[in-house]
Amino acid sequence: GTLSTWTPEIPNSIERLKLYYSINPDKKPKYIYILKRSKWNLSNIYTESASYGYTIFENDISYKLEKI
């Protein structure tokens with residue numbers, strides 16, 4: 001796994017992640033875990049995850065994105 005220091009509280013964090021992965025495509029994670037109580041805007045998580053090739057699994061407390 002890889003620990004990301006970017007958080008939703010920091011402006012442009014998603015853009016920084018996109019730039020990082022465009023430069024380092026071999027570093028894209030196979031699994032991503034997101035707590036439902038996080039501060040990320042999760043309103044479009046299904047659309048966004050599919051657009052990046054991830055399948056999403058949901059339980060009561062979190063989302064698990066898996067690149068298949």
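Once both labels are positioned 7 Å from their Cα atoms along Cα-to-Cβ, the gap between Tyr21 and Glu58 label points is 2.0 nm. A straight chain from Lys67 to Asn41 at 0.36 nm per residue would run longer than the Cα-Cα distance by 7.3 nm.
Each value in this text was obtained by applying a stated rule to the coordinates, not by laboratory testing. Keep in mind the model is a prediction, meaning the values are calculated, not measured. Every residue, glycine as well, gets a Cβ built from its backbone with ideal geometry; the counts of neighbours run over all protein chains shown.
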